[in-house]
Amino acid sequence: MLLPMNEKGFGFWTMRRSGISNIAIAQRLGISRQAVSHALLAMDEKVESTLREMACANQIAIDTVNAERGILLGRSVPFNTAAIIFVSEKHGMQVWYEHEGDCGSCPRYTECIELLWDYATELGVKIEKTADPTAMAEELFGKVRGLVGQ
């Protein structure tokens, strides 16, 4: 299942994830609180289902799922390493494996830095500026684990 990022409910979901209350979302859009609540419940189910499907497809044993934040924490069975699956408004569904990369020689260097900065911004998480994506990822995902209580 692909996450319906162009649906109205996904917009509500991203607003709530950024800290906007259901009441404020309803007022902002001129709709009822109940309509927002129903849409968010449905979107949480879609987010959780999609996170679980991605975990299964990537052979990740699940530790924790937080649908409201769009985060799944687990462990890659084939790679025997920590893994995180997350929903980024800008970058879609992402799977990240804990690893020590040779970031300086990687062709995805700039893409990784952009992804990590964007995701931190979406979650409202402050991370240190550094030129090392591995260090950025360690800091960011350590804070993400704190957000979901792990």
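Every number in this text was worked out from the coordinates using simple rules, so none of it is lab data. Quantities reported herein were computed from a predicted structural model and do not represent experimental measurements. Backbone-built Cβ (ideal geometry, glycine too); neighbour counts: all protein chains shown.
Which FRET efficiency value, to the nearest 0.05, do you get for Gln94 and Arg28 by plugging their Cβ-Cβ distance into 1/(1 + (r/R0)^6) with R0 = 22 Å?
Calculated transfer efficiency: 0.20.
Quick one: check the C-alpha center-to-center distance for segment 4-78 versus segment 79-129, whole angstrom.
Between the Cα centres of segment 4-78 and segment 79-129 lies a distance of 19 Å.
What does the extension gain come out to for Glu138 and Glu111, with contour length at 0.36 nm per residue minus their alpha carbon separation?
8.1 nm
Could you run the Karplus curve 6.51 cos²θ - 1.76 cosθ + 1.60 with θ = phi - 60° over segment 105-121 and give me ³J(HN,Hα) per residue in whole Hz, x for Gly and Pro?
In residue order, the calculated couplings are 9, 7, x, 9, 3, 5, 4, 5, 4, 4, 4, 5, 4, 4, 5, 4, 5 Hz.
Jot down the per residue volume, in cubic angstrom and as a whole number, of the convex hull over the alpha-carbon atoms of segment 8-147.
Roughly 109 Å³ of hull volume per residue.
With n ≥ 4 as the cut-off for DSSP H runs, can you work out [θ] at 222 nm for the chain, using -39500 (n - 2.57) per run divided by the number of residues, rounded to the nearest 500? Provide the component values of the computation, followed by the final result.
Numbers: 5 runs with 73 residues, N = 150.
Dividing the helical sum by the residues of the chain leaves -16000 deg cm²/dmol.
Which lysines have a Cα less than 17 Å from the Cα of Lys90, not counting those fewer than 8 places away in the same chain?
Hits, sequence-local ones excluded: Lys8.
Which value, in debye to the nearest 20, gives the size of the charge dipole of segment 1-112 about its Cα centre, when Lys and Arg are +1 and Asp and Glu are -1 at the Cβ? If you can, show how the numbers build up before the last one.
Numbers: 11 positive and 12 negative charges, 102 e Å.
Taking the Cα centre of segment 1-112 as origin, the dipole is about 500 debye.
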